Amino acid sequence: MATSQIPMLRRQCSCGRISRPVSEGDDVSHVNIGKVYAAPYKAMLEFNAQAVAAGEDAGLSPLLVELVKVRASQLNGCAFCLRMHAADAVKAGETADRLAVLAGWWESQYFTADEQAALQIAENVTLIGDHGRLADRGVDVEGVLTEKQIAAVTWLAVVINSWNRIAISSHYPVHG
């Protein structure tokens, strides 16, 4: 059979995302990019540590930090990071009720003004490609958070978005 006649298949990862079409003869193994090139992965670990340190320096609570990570991971559809950071949030004192409504945080009265501002930043950073089409959640970020807090939350959002992309593209497994 000629290559042009091979039926096209789609590769599906554990999180349900469908990736590029592949031919029957293609190797459909998943490449863990951190194992293939360890230096960029180690740099990500350091980047992560610096963002966490910025959050601590800015006085962000560990719970707020985890909420930012969970919300960005929800928007990106990263099951691996969602599972990890939801568990970390629970360890930091988060409740099942608040985690259950996090995807609609602006519709609830569960979240403090600081948390709402941080979640707004997380959404803005995560959905940056939407170029102003984000819904106005009515949060005055600059009226609630300090400059240092805004910068720290923004760095944390950038980092978790990077981790989401690493985990999704490397097809990190998520088992129940």
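The values are calculated or read from the model by the stated rules, or taken from the named source; none is laboratory data. This one's a predicted model, so the numbers in the text were calculated from it and none came from an experiment. Glycine also receives a Cβ, built like all others from the backbone with ideal geometry; neighbour counts cover every protein chain displayed. Keep in mind that these areas ignore ligands, DNA and RNA; they rest on the heavy atoms of the full protein, side chains included. Shrake-Rupley method; radii C 1.70, N 1.55, O 1.52, S 1.80 Å.
Any idea how many residues of segment 157-176 are open to solvent by 40 Å² or more (accessible area, probe 1.4 Å) and of a type in the set (Gly, Ala, Ser)?
2
May I ask you to list the residues in segment 101-116 that are more than 15 Å from the chain's Cα centre (by Cα), in contact (Cβ under 8 Å) with a residue 12 or more places away in the chain and farther than 17 Å from Pro62 by Cβ?
Once the filter is applied, which keeps residues that are more than 15 Å from the chain's Cα centre (by Cα), in contact (Cβ under 8 Å) with a residue 12 or more places away in the chain and farther than 17 Å from Pro62 by Cβ, segment 101-116 yields Trp105, Trp106, Tyr110, Ala113, Gln116.
Looking at segment 135-156, can you tell me whether even one residue there is within 15 Å of the chain's Cα centre (by Cα), open to solvent by less than 30 Å² (accessible area, probe 1.4 Å) and at pLDDT 95 or above?
Initially, segment 135-156 is screened for residues within 15 Å of the chain's Cα centre (by Cα), giving 153-156.
Within this subset, residues satisfying the condition of being open to solvent by less than 30 Å² (accessible area, probe 1.4 Å) are 153, 156.
After this cut, where a residue has to be at pLDDT 95 or above as well, the list is 153, 156.
Scanning segment 135-156 turns up at least one residue that is within 15 Å of the chain's Cα centre (by Cα), open to solvent by less than 30 Å² (accessible area, probe 1.4 Å) and at pLDDT 95 or above.
Check Tyr41 against each of (1) among the hydroxyl-bearing types (Ser, Thr, Tyr); (2) modelled with pLDDT under 90; (3) surrounded by 13 or more Cβ atoms within 10 Å (Cβ to Cβ) and name the one condition it does not meet.
Failed condition: (2).
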